[in-house]
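Reading through the structure tokens given below for one structure.
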Amino acid sequence: MSGPLDDKDSRWVNEGAIGVEVRQGRTTDVIGTSVTRVLPTKGRRTIGAWCFVDLIIPPDAHDPDPLEIGPHPHIGLSTVTWLFQGEALHSDSLGTEQVIRPGQLNLMTSGRGIAHAELSTPDGVLGAQMWIALPEATRHGAPAFEHHATLPRLERSWGEATVLIGTYAEAASPARADTDLIGMDLVLAGSARLELRSDFEYGVIPIDRAVKVADDIVEPGWLGLVERGPEELSIEPSSPGARVLLVGGAPLGERIQMWWNFVARSKEEMTEAWRAWQLHDTDRFGPVPSKLARLDAPPPPWLRP
């Protein structure tokens, strides 16, 4: 559920946008699981510190495939796992073995390096796997893992919101945040008018039904990009019960590079991590308590003959 990025993702760079800009997600395969990749998108790598959003919602959402992602490495990021349906077992090189279910949050911070695996029940899962780029101050730090069985929820006239990370109104998530950001799961009973921070950029990601974001229609699995400036935003569901992810934050202010399962600042850093994984460097990427096969890393494109 953690990627990997392919070469096309890695070539995308930031460019400006005004107002609400609608970007179409694209279908890709992650170790046999069909996902919709929402971020990065063409011309846009980050929204705040959010740098990656995969929706685990296969074409036949009523019969999802089991998820089997063997041990693989990460650097320079935090993974955010949020399920809508089903359950999965997270295992990592810290020795963690944690089952996650809908309404619960897994947050794994790689720091300089961590390895993990994810295995769902045979019925499969529906959900989202997201990455947060770590800032310079913490990206070389020690790895860590958090599981939050309960999260703050807000009840509003337009529906309800679960705050995954960050603070919204009177609700503050207990999850670690290395930068100023927000992540929420919204279930819309009717038209909502959300308060925004004018210094944040936001992404609106419909899950199961189209929504109208300001004056633009955003389809499920697409992205409505809202740049800094507005202090409120209207979101109107096409029908009651629409589910929407909202991610946002202050601009990261650091240019990142992404390839495979790595977030870094240079190709040299990613090459070093790739070699450590290939050489089974257990000081950097320890063993994972998982029965799944360890994933081999492809050669970086900049090293290919």
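Its residue count N sets the reference 2.2 N^0.38 Å, and the alpha-carbon radius of gyration of segment 188-305 equals 1.52 times that reference.
With Cα atoms defining each centre, segment 50-96 and segment 127-183 are spaced 16 Å apart in the structure.
One equal scatterer on each Cα of segment 179-219, no solvent, Debye formula: the resulting log10 I(q)/I(0) at q = 0.28, 0.32 Å⁻¹ is -1.32, -1.48. Rg over Rh for segment 101-246 works out to 0.97, both radii taken from alpha-carbon positions and Rh defined as the Kirkwood radius. Scaled to the globular estimate 2.2 N^0.38 Å, the Cα spread of segment 73-138, given as radius of gyration, is 1.13. Here the average projected area of the convex hull drawn through the C-alpha atoms of the chain stands at 14.5 nm². Pairs of Lys residues in the chain are counted when their Cα atoms are under 26 angstrom apart and they lie 8 or more places apart or on different chains; the count is 4.
Run the Debye formula on the Cα coordinates of segment 31-164, all scatterers equal and no solvent, and tell me log10 I(q)/I(0) at q = 0.10, 0.14, 0.21 1/Å. For the requested q values the scattering log ratios are -0.34, -0.68, -1.40. Our helix-only sum for the chain, with -39,500 (n - 2.57) per DSSP H run of n ≥ 4 divided by its residues, gives a mean residue ellipticity at 222 nm of -1500 deg cm²/dmol. For segment 93-187, the Kirkwood estimate of the hydrodynamic radius, built from every pair of different alpha carbons, is 14.9 Å.
A short reminder: the numbers here are calculations on the coordinates, not readings from a lab. Computed from a predicted model, the values in this text were never measured in an experiment.
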